[in-house]
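*Asks:* Dumping the structure here so I can ask a few things about it.
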Amino acid sequence: MIIRRSTAALCVLFTLAACDDATPATDTPAKPDLALAAVGLTSGDYRYTVTLPGQKIEGVYDHDQPAWSHRSTIDSIVYEFVLVGTDEYTRTDGGAWKHLDLAAEPYAERSARLGLTFDNPDRTGATALLTAARDVTLTGTTLTGQIDTSAMKTAPGELLPVAADLTGGDRLPFTATLDAQGRLTGLTMKMARGAWTLTITGYDPLPAPTVPAKITEG
C-alpha cells in the first residue's frame, strides 16, 4: 500500500511538471512607468535646458530651499530670473538686478497667476506632458508616443511659450529618453512650428541658486 501511494504521488508530481513544460510562461511587454520618469522633477534638485524656435532656456531648481533660477535668451537678449522663497530677482542683458517681494500686494496675485510659486516643483512642464501622454511605447530606455493636448488644462513652467500649441486638441508626437534609474533625461515634442526640446543635464545634489549681489528694489 505504501509503495502504491508513493508511486501515485510520483505520477502526480511528474504529471504537473509535464503540464508546466507544456505551457511555458510568456513574457509581457515592458510597461512605461511615466510617474517614475518624472520623479526626479518632483522630489529633488535638477538642472535643465529647453530649446524651442527662437528661444533657449536654462534653469536650476533646488527642492529643499526652495529656489529656482531661469535664464532665457530670445533674439540675443538675455533675461535672468532668480526666485528664492518669495523673493524675486530679475535683470536684462547683464544690467542691475531688481528685487520684488512676491508675498506683498499686488505681487502675490501676479505670482500665483504666472506660476511663480513653489506649489509645483517641476518647472520644466515635463510632468504635465507625461500625464497627457498616450499610446506610449518603451524600447530600451526610449519612450515614444503622443501628447494629447485635449488633456492639457494649463501650460506650466517652461511650456508657457508654447501654450498656444497645447490648446488645439491635437496629438503631438514625442520622444523621451530615460537614465539607468528610469528618470527623464530628455523629451522632444514636435509641433507645427518646430520642436520643444527638454534636456535634463543633472540631478541632485546640485548647487542651489543664490541671491544676487548689488540689487535694487523694484
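*Asks:* Do you know which residues across the stretch 158-184 are within 14 Å of Ala38 (Cα to Cα) and open to solvent by less than 40 Å² (accessible area, probe 1.4 Å)?
*Replies:* Answer for the stretch 158-184, where residues must be within 14 Å of Ala38 (Cα to Cα) and open to solvent by less than 40 Å² (accessible area, probe 1.4 Å): Ala176, Leu178, Asp179, Gly182, Leu184.
Conditions (1) part of a loop (DSSP other than H, G, I, E, B); (2) modelled with pLDDT of 95 or more; (3) hydrophobic (A, V, I, L, M, F, W, C), marked per residue:
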{"site": "Arg110", "(1), (2), (3)": "no, no, no"}
{"site": "Thr117", "(1), (2), (3)": "yes, no, no"}
{"site": "Asn120", "(1), (2), (3)": "yes, no, no"}
{"site": "Leu143", "(1), (2), (3)": "no, yes, yes"}
{"site": "Ile147", "(1), (2), (3)": "no, yes, yes"}
{"site": "Lys153", "(1), (2), (3)": "yes, no, no"}
{"site": "Gly168", "(1), (2), (3)": "yes, no, no"}
{"site": "Leu172", "(1), (2), (3)": "no, yes, yes"}
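*Asks:* Answer yes or no: is there a residue in the stretch 103-117 that is in contact (Cβ under 8 Å) with a residue 60 or more places away in the chain and in contact with an Asp or Glu (Cβ under 7 Å, 6 or more places away or on another chain).
*Replies:* Applying the first criterion (in contact (Cβ under 8 Å) with a residue 60 or more places away in the chain) to the stretch 103-117 yields none.
No; the residues of the stretch 103-117 include none that is in contact (Cβ under 8 Å) with a residue 60 or more places away in the chain and in contact with an Asp or Glu (Cβ under 7 Å, 6 or more places away or on another chain).
*Asks:* Right, next: So which residues in the stretch 185-200 are surrounded by fewer than 21 Cβ atoms within 10 Å (Cβ to Cβ), in a strand (DSSP E or B) and in contact with an Asp or Glu (Cβ under 8 Å, 6 or more places away or on another chain)?
*Replies:* Thr185, Met191 - these are the residues of the stretch 185-200 that are surrounded by fewer than 21 Cβ atoms within 10 Å (Cβ to Cβ), in a strand (DSSP E or B) and in contact with an Asp or Glu (Cβ under 8 Å, 6 or more places away or on another chain).
*Asks:* Hey, does the stretch 147-159 have a residue that's touching a Pro at 6+ places or on another chain (Cβ under 6 Å) and in contact (Cβ under 8 Å) with a residue 24 or more places away in the chain? Break it down stepwise before answering.
*Replies:* Of all residues in the stretch 147-159, those touching a Pro at 6+ places or on another chain (Cβ under 6 Å) come to none.
The answer is no; no qualifying residue exists.
*Asks:* Go through (1) within 18 Å of the chain's Cα centre (by Cα); (2) open to solvent by less than 70 Å² (accessible area, probe 1.4 Å) one by one and return the number of the condition Thr141 breaks.
*Replies:* Against the list (1) within 18 Å of the chain's Cα centre (by Cα); (2) open to solvent by less than 70 Å² (accessible area, probe 1.4 Å), Thr141 comes up short only on (2).
The values are calculated or read from the model by the stated rules, or taken from the named source; none is laboratory data. Small disclaimer: the values here were computed from a predicted structure and weren't measured. Reconstructed Cβ throughout: ideal geometry from the backbone, glycine too, with neighbour counts over all protein chains shown. Areas reflect the complete protein model, heavy atoms only, side chains present, ligands, DNA and RNA absent. Shrake-Rupley method; radii C 1.70, N 1.55, O 1.52, S 1.80 Å.
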